[in-house]
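> I'd like to ask some things about the structure below.
The values are calculated or read from the model by the stated rules, or taken from the named source; none is laboratory data. Fair warning: this is a prediction, and the values are worked out from it, not measured in the lab. Cβ: placed from backbone, ideal geometry, glycine included. Neighbour counts: every protein chain shown.
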């Protein structure tokens, strides 16, 4: 079993009630965590002055890639559930994977 924490920070591109958007996306991410056995420790922080929101969650899976996909999908789904769009998501996540510091929480080796 593998686990990975993914944290992505976004900038609001609309001034239309960022507090409401922040609350709605936060609620959606926590709901996704509650509904899934492969998602843990969701965290949301933001800076309303700078119009940014950071979404973090731990994904688990049989491989690091599967765990990463779980975490990425949860963050994207939280944005979509509250009416947001994610154009260029695959490119954005690929850049994040190459630049972000991922912390391995658990790694298990199974002898052949």
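> Take the residues in the stretch 1-33 that are within 14 Å of the chain's Cα centre (by Cα) and in a strand (DSSP E or B), then tell me which one is surrounded by the most Cβ atoms within 10 Å (Cβ to Cβ).
Only one residue fits best here, namely 4.
> Tell me which residues, restricted to the stretch 34-51, are closer than 29 Å to residue 65 by Cβ, in a strand (DSSP E or B) and out of contact with any helix residue (DSSP H, G or I) (no Cβ under 9 Å at 6 or more places or on another chain).
45
> What pairs come up if the first residue lies in the stretch 6-28 and is in contact (Cβ under 8 Å) with a residue 24 or more places away in the chain and on the phi > 0 side of the Ramachandran plot, the second is surrounded by 17 or more Cβ atoms within 10 Å (Cβ to Cβ) and assigned to a helix (DSSP H, G or I), and their beta carbons are under 6 Å apart, counting only those six or more places apart or on different chains?
Short answer, once both residue conditions are applied: none.
> Would the stretch 70-92 turn up any residue that is surrounded by 11 or more Cβ atoms within 10 Å (Cβ to Cβ), more than 20 Å from residue 4 (Cβ to Cβ), out of contact with any helix residue (DSSP H, G or I) (no Cβ under 6 Å at 6 or more places or on another chain) and at pLDDT 90 or above?
Yes, some residue in the stretch 70-92 is surrounded by 11 or more Cβ atoms within 10 Å (Cβ to Cβ), more than 20 Å from residue 4 (Cβ to Cβ), out of contact with any helix residue (DSSP H, G or I) (no Cβ under 6 Å at 6 or more places or on another chain) and at pLDDT 90 or above.
> Still on this model: Got a number for residues in the stretch 34-68 being without any contact (Cβ under 8 Å) to a residue 40 or more places away in the chain, surrounded by 14 or more Cβ atoms within 10 Å (Cβ to Cβ) and farther than 19 Å from residue 10 by Cβ?
3
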